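Take a look at the structure set out below.
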Amino acid sequence: MKFPEKGLDKAKILDELKANQKRNWSFGSGRIFGSMCAMPLEVSIRAYTLFIESNLGNPGLYPATAEMEKKVVGMVGDLLHGKKVYGKVLSGGTEANISALWMYRNMARRKEVILPLHAHFSFKKACDLLGLKPVFVKVGGDYTVDIADMKRKISDNTLCAVAVAGSTELGVVDPVPEIGEICAERNLPLHVDAAFGGFVIPFLKACGRKIPDFDFLVKGVTSITVDPHKMGQSVMPSGILLTRENYWKYIEFSAPYLTSEIQSTLLGTRASGAVAGTYAAIKYLGFSGYLEIVRRCMAMTEFTCGIAKHHGIEPVVEPVMNILALRVKNARKVVKALHARQFFVSYGELTDSLRIVLMPYAGKKQIRELFEEGIVPLVQKS
Ligand code: 0PR
């Protein structure tokens with residue numbers, strides 16, 4: 001496409017964009033069953049646009065946004081039982097996970113990262129970028145990390161360990177208290193990836209569900225990733241990295257010409273409207289609002305699991321959170337065929353399963369259609 005010679009009329013551009021946007025799938029279409037991202041709350045969208053020009057890459061110009069970031073970090077830190085935590089609002093789970101490993105690498109200059117097999121692929125990116133070696137740890141029968149294997153894999157060259165609280169594929173939670181003990185004994189940092197689970201587990205616990213502690217309550221946990229743009233119901237791009245101590249000083253760079261003079265994030269310019277969007281989501285929902293959302297998502301997950309079982313399709317594990325992986329023959333093929341029928345579920349590679357995420361926008365009618373018009377006929381054929 002050629003670079004336009006002259007500017008066009010605003011209305012024409014917007015008409016073209018509106019037409020284009022219609023070709024995208026929206027959360028409201030009732031066809032998206034594999035995304036972990038939220039349909040942002042209206043209040044978050046408004047907050048985002050209100051702060052559209054603020055850039056935390058140069059926070060001196062945007063003191064209100066900088067203060068809001070501190071408050072977001074404080075509130076999420078409080079939710080995750082941190083007393084005095086350090087943190088920043090980043091662009092998502094990938095940047096948060098990369099940043100955590102970056103801090104640890106600069107602290108210790110060792111090479112090996114103890115990485116559960118079910119950890120998100122952003123850790124592979126982090127290892128690649130940082131010159132680190134992932135040492136993969138098996139998962140056990142319940143698909144959480146195998147503690148004995150983890151112990152065996154720790155060496156003198158271990159830099160840190162990773163635990164997952166809400167795995168991408170199954171939504172399972174690693175035994176963080178046991179891992180924390182092992183790490184504390186050996187003086188190793190432990191990073192918990194709660195990108196999805198951070199805004200789910202505290203509310204599941206409040207409903208009385210038995211889930212291991214995963215946050216700063218566990219002594220050995222030194223940092224946590226949690227994504228507001230997933231179950232936090234906020235806008236993209238929004239991820240948070242919280243650290244127990246000020247490890248941010250290990251990734252500080254001098255930028256004397258900026259208002260802050262030092263910068264300790266991977267990104268320079270930061271789209272900080274998301275800070276306002278996240279602040280607004282937390283203030284608007286509060287603990288009770290999130291509790292209600294998580295309750296509804298779990299009820300929808302149980303409803304979906306019930307339909308699957310009714311059709312003779314079993315879950316890989318009984319769902320811990322609002323992620324449901326189903327055992328179907330030729331799962332990869334079935335998922336592709338579902339895409340062709342415009343049902344966007346996803347494929348779980350580790351367990352060769354068909355994966356459904358029950359986000360707040362999932363409705364019963366659409367789930368019934370997914371099974372009756374999609375999954376059931378395809379599974380019977382395969
Ligand atoms: N950690 C966990 C446990 C994750 O599940 C994810 C993303 C990340 C880290 C990385 O987060 P960012 O994508 O924010 O950097 N999990 C989903 C995935 O990769 C993200 C996703 C969202 C995928 C929406 C599809 C989609 O439509 O599968």
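The values are calculated or read from the model by the stated rules, or taken from the named source; none is laboratory data. From a predicted model like this one, the values you see are computed outputs, not experimental measurements. For neighbour counting, all protein chains shown are included, and Cβ atoms are generated from backbone atoms with ideal geometry for every residue, glycine included. The accessibility values were calculated without ligands, DNA or RNA, using every heavy atom of the protein model including side chains. Shrake-Rupley method; radii C 1.70, N 1.55, O 1.52, S 1.80 Å.
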Scan the range 268-294 residue by residue and report those that are hydroxyl-bearing (Ser, Thr, Tyr) and not in a helix (DSSP H, G or I).
269, 272
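Go through 305, 297 for me and flag whichever is closer than 27 Å to residue 73 by Cβ, part of a helix (DSSP H, G or I) and touching a Pro at 6+ places or on another chain (Cβ under 7 Å).
Values: 305 fails: closer than 27 Å to residue 73 by Cβ.
That would be 297, the only listed residue that is closer than 27 Å to residue 73 by Cβ, part of a helix (DSSP H, G or I) and touching a Pro at 6+ places or on another chain (Cβ under 7 Å).
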What strands (runs of 3 or more DSSP E) completely inside the range 192-259 contain at least 3 residues that are under 25 Å from residue 179 (Cα atoms) and hydrophobic (A, V, I, L, M, F, W, C)?
221-226, 239-243
Top-ranked residue of the range 284-319 - restricted to ones that are in contact (Cβ under 8 Å) with a residue 40 or more places away in the chain and open to solvent by 60 Å² or more (accessible area, probe 1.4 Å), ranked as farthest from residue 242 (Cα to Cα)
311
Among (1) more than 16 Å from the ligand (Cβ to nearest atom); (2) more than 25 Å from residue 256 (Cβ to Cβ); (3) loosely packed, with under 12 Cβ neighbours inside 10 Å - the single one residue 45 does not satisfy
(3)
Residue check, residue 119 in the same structural domain as residue 171 (by TED's automatic domain parsing), in a loop (DSSP other than H, G, I, E, B) and within 16 Å of the ligand (Cβ to nearest atom)
yes
So, residue 169, is that one within 19 Å of the chain's Cα centre (by Cα), modelled with pLDDT of 95 or more and open to solvent by 10 Å² or more (accessible area, probe 1.4 Å) or not?
yes
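Residue under question is residue 314, and the condition is that it be within 23 Å of the chain's Cα centre (by Cα), at negative phi and among the charged types (D, E, K, R); does it hold?
Working: within 23 Å of the chain's Cα centre (by Cα): no; at negative phi: yes; among the charged types (D, E, K, R): yes.
So residue 314 fails the test.
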Hey, residue 181 hits all of (1) open to solvent by less than 10 Å² (accessible area, probe 1.4 Å); (2) more than 15 Å from the ligand (Cβ to nearest atom); (3) not aliphatic (A, V, I, L, M) but one; which does it fall short on?
(1)
Do we have residue 121 as aromatic (Phe, Trp, Tyr) and surrounded by fewer than 24 Cβ atoms within 10 Å (Cβ to Cβ) here?
yes
What number goes with the only condition from (1) β-branched (Val, Ile, Thr); (2) over 27 Å from residue 228 (Cβ atoms); (3) within 15 Å of the ligand (Cβ to nearest atom) that residue 154 does not pass?
(3)
Condition first: within 30 Å of residue 137 (Cα to Cα) and not acidic (Asp, Glu). Can you find one or more residues in the range 358-372 that meet it?
yes
Among the residues of the range 134-166, which ones are assigned to a loop (DSSP other than H, G, I, E, B) and in contact (Cβ under 8 Å) with a residue 60 or more places away in the chain?
142, 143, 166
Working only within the range 333-382, note down all residues that are surrounded by fewer than 21 Cβ atoms within 10 Å (Cβ to Cβ) and basic (Lys, Arg).
333, 336, 341, 364, 365, 368, 381
Residue in the range 129-150 that is polar (S, T, N, Q), open to solvent by 10 Å² or more (accessible area, probe 1.4 Å) and either at pLDDT below 95 or within 14 Å of the ligand (Cβ to nearest atom) (or both) present
yes
Got at least one residue in the range 217-239 being free of Cβ contacts under 8 Å to residues at least 60 places away in the same chain and over 30 Å from residue 186 (Cβ atoms)?
no
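Are any residues in the range 59-84 assigned to a loop (DSSP other than H, G, I, E, B) and open to solvent by less than 30 Å² (accessible area, probe 1.4 Å), and if so, which ones? First the steps, then the outcome.
Residues of the range 59-84 that are assigned to a loop (DSSP other than H, G, I, E, B), as a first pass: 62, 80-84.
Residues satisfying the conditions are 80, 82.
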Restricting attention to the range 199-209, does a residue exist that is in the same structural domain as residue 104 (by TED's automatic domain parsing), out of contact with any helix residue (DSSP H, G or I) (no Cβ under 8 Å at 6 or more places or on another chain), more than 16 Å from the ligand (Cβ to nearest atom) and open to solvent by less than 20 Å² (accessible area, probe 1.4 Å)?
no
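Just a yes or no: is a residue in the range 25-41 over 26 Å from residue 335 (Cα atoms) and open to solvent by less than 60 Å² (accessible area, probe 1.4 Å)? Walk me through it before giving the result.
Keep residues of the range 25-41 that are over 26 Å from residue 335 (Cα atoms), which gives 40-41.
When the remaining residues are screened for being open to solvent by less than 60 Å² (accessible area, probe 1.4 Å), the result is 40-41.
Yes, there is a match, as at least one residue in the range 25-41 is over 26 Å from residue 335 (Cα atoms) and open to solvent by less than 60 Å² (accessible area, probe 1.4 Å).
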Among the residues of the range 229-258, write down those that are within 13 Å of residue 99 (Cβ to Cβ) and buried (at least 17 other Cβ atoms within 10 Å of the Cβ).
239, 240, 241, 242, 243, 247, 248, 251
